[in-house]
1. Sort Val46, Val85 by Cβ crowding within 10 Å, fewest neighbours at the top.
2. By per-residue mean of other Cβ atoms within 10 Å, what is the highest-first order of 127-140, 16-29?
3. How big is the stretch 2-148 by Rg and Dmax over its Cα atoms, in Å?
4. Once every DSSP H run of n ≥ 4 in the chain is given -39500 (n - 2.57) and the sum is divided by its residues, what mean residue ellipticity at 222 nm do you get, rounded to the nearest 500 deg cm²/dmol?
5. Past 24 Å, Cα to Cα, is the threshold; run Lys2/Lys77; Lys3/Lys88; Lys3/Lys132; Lys77/Lys132; Lys3/Lys61 against it and keep the listed order.
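We did not get these values from a lab; they are worked out from the coordinates using the rules stated. Fair warning: this is a prediction, and the values are worked out from it, not measured in the lab. Heads up, the Cβs are rebuilt from the backbone with ideal geometry, glycines too, and the neighbour counts pull from every protein chain shown.
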Amino acid sequence: MKKIDEFEGNFAWMSNFSDHSFRDEDGVLWRTVEHYYQAMKTINMVDRGRIWSISTPGQAKRIGQEVALRDNWDDLKFDFMTNGVMLKFLQNKGIAELLDSTKGYSLIEGNWWHDNIWGDCNCPKCENKPGKNWLGKILMLIREGFSNE
């Protein structure tokens, strides 16, 4: 199977850092999936507000690494990631069409920053640690859902 193995350049729209805003179920407008995901780590509304208001997804990620995690975060994080990614594509028709156009491709969030949960790190240190690629799997599930509509 052909593959897309990085979410940069022509495929940056698949990244959680891509500038595609969406509204959640409460009507809150999120700048990026990264902002949403990092904010959902905590139930502290002050920390959520800090993450929501920060200008870049990189800064949101850094703040998200400092917040007090909600109970059962490890059990909930996949649901929040799936929800954020799904809302992003449902509310941004242009990239939904781009995602649909990747049929026939395996989507792999290749990276160099050692993320072997959401992606698959390509650095020499991680070459014998296959990544779980959960972000790629979520994208392929969403793509499949679009195809079934």
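1. Working: Val46 8, Val85 22.
Sorted ascending by nearby Cβ count, the order is Val46, Val85.
2. Going from most to least packed, we get 127-140, 16-29.
3. Cα only, the stretch 2-148: 15.1, 44 Å (Rg, Dmax).
4. Working: 6 runs with 66 residues, N = 149.
Roughly -13500 deg cm²/dmol at 222 nm, from the helical runs in the chain.
5. Working: Lys2/Lys77 29 Å; Lys3/Lys88 22 Å; Lys3/Lys132 15 Å; Lys77/Lys132 14 Å; Lys3/Lys61 27 Å.
Long pairs (Cα-Cα over 24 Å): Lys2/Lys77; Lys3/Lys61.
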